[in-house]
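Mind looking over this structure? Questions follow.
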Amino acid sequence: MHDIRYTHLPFCLQRHRDGSYTIQNRYYAPLGFTKRPDDSITPRYRIPGLTAGMAERISFDGDRSLDKVYLYNDTCVPTQSTNHMTAYMERLAILSALEIEPVEASEAALFPTSA
């Protein structure tokens, strides 16, 4: 059994071929899931404000890549220290200000997550 962070806190923003994102937890599954669901129920979002500069601000290591944006890794797990948690919360504050647009399941089916 793991702490709630594993399933309910953002670990990574994974970009799909259509430019939409799934907000993933530590299991590389959508928030709230313990394993990757079928593509037809994987929640996907457009995040118009997610630019390379924004990725750099919310990535734990300042990476500007938009393909996978990691908010932390095993060297800075938020629950391991107050400093790690503070840095993670600062990144979450920036992320939470971004607007998202849900991608409908029928639209997402045109660009499945697996390829």
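Just so you know, all these numbers are worked out from the coordinates, no wet-lab data involved. The structure presented is a predicted model; accordingly, all values stated were derived computationally and were not measured. Note that we place each Cβ from the backbone using ideal geometry, even for glycine, and neighbour counts take in every protein chain shown.
Of everything in region 61-76, what is free of Cβ contacts under 8 Å to residues at least 40 places away in the same chain, touching a helix residue (DSSP H, G or I) at 6+ places or on another chain (Cβ under 7 Å) and either among the β-branched types (V, I, T) or more than 19 Å from G19 (Cα to Cα) (or both)? Give them in sequence order.
G62, C76
Cβ-Cβ below 9 Å, separation at least six or inter-chain, first residue in region 5-19 and over 17 Å from I47 (Cβ atoms), second of a type in the set (V, I, T) and surrounded by fewer than 18 Cβ atoms within 10 Å (Cβ to Cβ): which pairs?
Short answer, once both residue conditions are applied: R5/V77; R5/T79; Y6/T34; T7/T34.
Would you be able to tell me the number of residues in region 49-59 that are over 18 Å from V103 (Cα atoms), out of contact with any helix residue (DSSP H, G or I) (no Cβ under 7 Å at 6 or more places or on another chain) and surrounded by 15 or more Cβ atoms within 10 Å (Cβ to Cβ)?
3
In region 7-48, what residues are crowded, with 18+ Cβ neighbours inside 10 Å and small (G, A, S)?
Across region 7-48, the qualifying residues are S20, A29.
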